[in-house]
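For reference, the structure discussed in these notes is given below.
The values are calculated or read from the model by the stated rules, or taken from the named source; none is laboratory data. Computed from a predicted structure; not experimentally measured. A quick note on method: Cβ atoms are made from the backbone with ideal geometry, for glycine too, and the neighbour counts reach across all protein chains shown. The accessibility values were calculated without ligands, DNA or RNA, using every heavy atom of the protein model including side chains. Shrake-Rupley method; radii C 1.70, N 1.55, O 1.52, S 1.80 Å.
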Amino acid sequence: MAGDPGLADIIEKGQDGQVVLLGFPYDTGVEINGGRVGARHGPEKFRSWMRRYGTPDNPEVNIDLSGITIADAGDIPAGLPLEQSHTALGEKTASIIQNGGLPFVVGGGNDQSWPNACALLDAKPDNLIGVINIDAHLDVRLLNDGRAHSGSSFRLLLEDSRFSGSQFIEFAAQGSQVSREHADYVKEKGGQIIWYTEVSRGDAAAEAFRNALGRLSWKCDSLFVSFDLDSIRASEAPGVSCPGIMGLRAKEAFQMAFAAGAHPKVDLFDLSEYNPVIEEEHTGRLAVGIFYHFCLGVASRRKAAS
Ligand code: MN
């Protein structure tokens, strides 16, 4: 609209951008994990809400997204068997990173986070990689008959010889949705769990998240932030495969997305479990808002560096 552009108006097709959007339209991993399917429609609905939200030049925070380039690389082709979809995603994410772009991958199921983590490990073999998983769950379940699924991504990562648990933080996990065995497993691997109740007071979540980024960046060269929308309370994010009654607020999610975008070592971000079959509009606007605030953060990063 003249004089009133939206976020979608400044996004170029292709993969040549500082931030590169990529869709993973799959919920096979959710189905294998026993969850409600529908997240395969996430990327398509995400793009349709992107046309209705997000002023590129934000006069409130005084950041103009025209200072960075944002590209849309489209989706991984739909309908592949799970293992092939993961291979295709890993290759595409790695190629974006190798091309100098910062991928923002929209799922789809949280199983996308394992191929995405591998993409960063493959693209930056000399870097020490740190990972923060923002999630109500730990996602360290065992494979199901040898198959990866939406609850196994971070077990696969913690079992990988290229990665150490001391570079891993589970953020806003909820004890009512996590087994003792899995919590013990993460701790035995050297990972840290920051429980939701520890960050639920006042504005503690954003501050705790910035501290977590700072702690990992102190020892790591490159960071991957993985955001499961089910870490946000169901009243604000109803359209997810497994809604939780309590959880982060939308405002906190935006503050955290901004902090991830603004951090100079964050090289990869993925957003999982938007399920528009369960609820489309509210959760769609929230998912796009996370992308928008991430981009504002990236724009502030470039500003600080110049
Ligand atoms: Mn998850």
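Tell me the residue from 20, 30 that is open to solvent by less than 30 Å² (accessible area, probe 1.4 Å) and in a helix (DSSP H, G or I), please.
Working: 20 fails: in a helix (DSSP H, G or I).
Among 20, 30, only 30 is open to solvent by less than 30 Å² (accessible area, probe 1.4 Å) and in a helix (DSSP H, G or I).
Filter segment 139-154 down to residues that are under 14 Å from residue 173 (Cβ atoms) and over 14 Å from the mean Cα position of the chain (by Cα) and give me whichever is most open to solvent (accessible area, probe 1.4 Å).
Here the residue is 141.
Kindly evaluate residue 130 against the criterion of being away from the ligand (no atom under 13 Å from the Cβ) and at positive phi.
Working: away from the ligand (no atom under 13 Å from the Cβ): yes; at positive phi: no.
No; evaluated as a whole, the condition is false for this residue.
Which ones in segment 35-46 are open to solvent by less than 70 Å² (accessible area, probe 1.4 Å) and of a type outside the set (Val, Ile, Thr)?
Narrowing segment 35-46 to residues open to solvent by less than 70 Å² (accessible area, probe 1.4 Å): 35, 37-39, 41-43, 45-46.
Across segment 35-46, the qualifying residues are 35, 38, 39, 41, 42, 43, 45, 46.
Has segment 257-268 got any residue that is in contact with a strand residue (DSSP E or B) (Cβ under 8 Å, 6 or more places away or on another chain), in a loop (DSSP other than H, G, I, E, B) and open to solvent by less than 10 Å² (accessible area, probe 1.4 Å)?
Within segment 257-268, the first condition is being in contact with a strand residue (DSSP E or B) (Cβ under 8 Å, 6 or more places away or on another chain), and the residues that meet it are 257, 260-261, 263, 265-268.
In the following step, the residues that additionally are in a loop (DSSP other than H, G, I, E, B) were identified as 263, 265.
With the extra rule that they be open to solvent by less than 10 Å² (accessible area, probe 1.4 Å), the set shrinks to none.
Checking segment 257-268: not a single residue is in contact with a strand residue (DSSP E or B) (Cβ under 8 Å, 6 or more places away or on another chain), in a loop (DSSP other than H, G, I, E, B) and open to solvent by less than 10 Å² (accessible area, probe 1.4 Å).
Sort out for me the strands (runs of 3 or more DSSP E) sitting completely within segment 107-221 that have 2 or more residues that are within 30 Å of residue 284 (Cα to Cα) and of a type in the set (Gly, Ala, Ser).
On the way: elements: 129-134, 168-173, 192-195.
The qualifying strands (runs of 3 or more DSSP E) are 168-173.
Would you check which residues across segment 91-127 are away from the ligand (no atom under 16 Å from the Cβ) and among the hydrophobic types (A, V, I, L, M, F, W, C) and list them? I'd like the intermediate steps shown before the answer.
Of the residues in segment 91-127, the ones away from the ligand (no atom under 16 Å from the Cβ) are 91-104, 118-127.
Answer for segment 91-127, where residues must be away from the ligand (no atom under 16 Å from the Cβ) and among the hydrophobic types (A, V, I, L, M, F, W, C): 94, 96, 97, 102, 104, 118, 119, 120, 121, 123.
Identify the residue in segment 47-96 that is polar (S, T, N, Q), open to solvent by 70 Å² or more (accessible area, probe 1.4 Å) and not in a loop (DSSP other than H, G, I, E, B) and, among all such residues, is farthest from residue 258 (Cα to Cα).
Among those residues, the one meeting the criterion is 84.
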